[in-house]
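Taking it in order: structure first as structure tokens, then the write-up.
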Amino acid sequence: MKFQNKAMPKFEDFLAETIQDFIAEHYNTSIEALVFKKQIFNKISNQALAQQIKAKQKARLKLPNLFKRRDIIYPQDLNLQQTSSELTAQYKTKFIENASIIADLTAGFGIDSMAFAKKAKQVYHIEQNKDLSELATFNFKQLQLNNISAINTTDVQFLNSFEAKLDLLYIDPSRRDQTLQKVFLLEDCSPNILKNWTLYAEKSKQVLLKLSPLFDLKKLISDLDHVKQIDVLSVKNEVKELLVLIDFKFSGESNIKCVNLLNETEEVVFDFNFKKETDLSARLGQPKVGEILIEPMASVLKAGGFKSFADYYHLNKLHINTHLYTSTKPLSVAIGRQFNITKIEAYKPKSLKKLYRNKKANVSSRNFPLSVNDIKNKLNISDGGETYLFFTTNYKNQRIVIEANKL
């Protein structure tokens, strides 16, 4: 945490009532103007104030519990961007047992460490950035999380010096290279998971990896031994992260868990494995007016459990490559978006243009040669309204348009 002023402020300086009042009063203010004003406080620069205000703005939705407090200091913008949300951090506690000993090897701001500490006996917060480690230490004291030990070192140095066996290593590797470009291979991440694999196996019973949703699940299972489970984690139907659980005593088929967190207490889950997915035959069927059209939740679409999804819920799939399904009745679980089919048309641009020209609709393109924008421009459809149009392909390889209303 670096501020461009001559005297580095102490963390305690930010907790002064006048400072916290100023941050609260200027929460909705443009911070750009603040930076160039005459210095307001003696001990803290305007830039440092602006950084805290900007961080507080981002914390409101991502870290709502910390946001409510006046005794937490936030890190630089990039560190805050990279941190887990409180909701996803809380979900990760499902992977640990009570009274366990955890090492968060890429701990950063420490949101995951904070969540682990509420359940584990001991959490080691490992961070090689000295400023960030000191900041986390300060915040842990404010939160009275006395079972977190913040250590300023590297993951390898910590593990080589740690003599006991840990219950779990949590690793959220950096997925950007030296030019800050995103990377999608384990060997390109930092720390290098594959290079350190033997050390991890020696020092811990399990490893939990947090990875970008852009990683390929099948390749992860191929590259890593002992993958017990991969959780494809979504929040309000937006895929946020992959959680890969390694159990060094496990051998067998990896379970794929598709999860959608609706809020702090509600979640929707669908499980499958790739062996069964490969063995299943797709149930294909022609959609009919009056049936229910189902679009699986985002984590299922990311994971690729398409035939398993149809098999479990007894659904018909429109086409082997069209990930839309039909049912004679609505599903009782919120496993995706559901629609009542009101009309089905062949894709004939001239007749469709007459039907939908200058009308509002929510357009989707699924296994269809045109993009959503191309479709809207070609047929003069504008966004909005209560009508949903799915441009897609059925199992007879016919281009069709399904008109539907959302349930």
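The range 17-73 and the range 371-385 have their alpha-carbon centroids 42 Å apart.
The stretch between residue 32 and residue 333, if pulled fully straight at 0.36 nm per residue, gains 103.7 nm over its current Cα-Cα span.
Between 336, 384, 285, the GNM of the chain built on Cα springs shorter than 10 angstrom shows 384 fluctuating the most.
Pairs with C-alpha atoms separated by more than 20 Å, drawn from the list 354/378; 228/302; 58/121; 92/121; 210/302; 276/396, are 58/121; 276/396.
Label-to-label distance, residue 383 versus residue 236, with points set 7 angstrom from Cα along the beta-carbon direction: 1.6 nm. Here r is the Cβ-Cβ distance between residue 340 and residue 60 and R0 is 35 Å; the resulting FRET efficiency, rounded to 0.05, is 0.45.
If you put +1 on each Lys and Arg Cβ and -1 on each Asp and Glu Cβ, how big is the dipole of the range 85-271 around its Cα centre, in Debye rounded to 20? Mind showing how you got there, number by number?
Numbers: 22 positive and 27 negative charges, 39 e Å.
Around 180 debye, computed over the range 85-271.
Out of (1) 1.02; (2) 0.91; (3) 1.17, which label holds the value of Cα Rg over 2.2 N^0.38 Å that was computed here? Computed from these coordinates, Cα Rg over 2.2 N^0.38 Å corresponds to label (3). Among 277, 32, 291, the largest mean-square fluctuation in a Gaussian network model of the chain (Cα springs under 10 Å) belongs to 32.
Could you work out which residue, out of 94, 38, 378, moves most in a Gaussian network model of the chain, that is, has the largest mean-square fluctuation with Cα springs under 10 Å? Between 94, 38, 378, it is 38 that shows the largest mean-square fluctuation.
Using the Cα centre of the range 280-406 as the reference point, and only Cβ charges (+1 on K/R, -1 on D/E), how large is the resulting charge dipole? Debye, rounded to the nearest 20. Please list the in-between numbers first.
Values: 21 positive and 8 negative charges, 92 e Å.
My answer is approximately 440 debye.
Computed extension gain for residue 374 through residue 42, at 0.36 nm per residue and net of the alpha carbon distance, reaches 113.8 nm.
Seen against the Cα atoms of the chain and their longest principal axis, helix 130-142 is set at about 90 degrees. Compared with the direct C-alpha span, the chain from residue 351 to residue 17 gains 113.5 nm at full extension, assuming 0.36 nm per residue. For the chain, the longest principal axis of the alpha carbon atoms and the long axis of helix 46-62 meet at an angle near 40°. Extending 7 Å from Cα along the Cβ direction at residue 362 and again at residue 129 yields two label points whose distance is 3.8 nm. Backbone N atoms of the range 144-169 closer than 13 Å to the 7 Å Cα→Cβ label point of residue 121 belong to residues 164-168.
For a paramagnetic label modelled on residue 398 (point 7 Å from Cα along Cα→Cβ), amide N atoms under 13 Å away belong, within the range 347-383, to 347-348.
Since every read-out is calculated from the coordinates, none of them should be taken as a lab result. These numbers were taken from a predicted model, which means no experiment stands behind them. Every residue, glycine among them, receives a Cβ derived from its backbone with ideal geometry; neighbour counts consider all protein chains shown.
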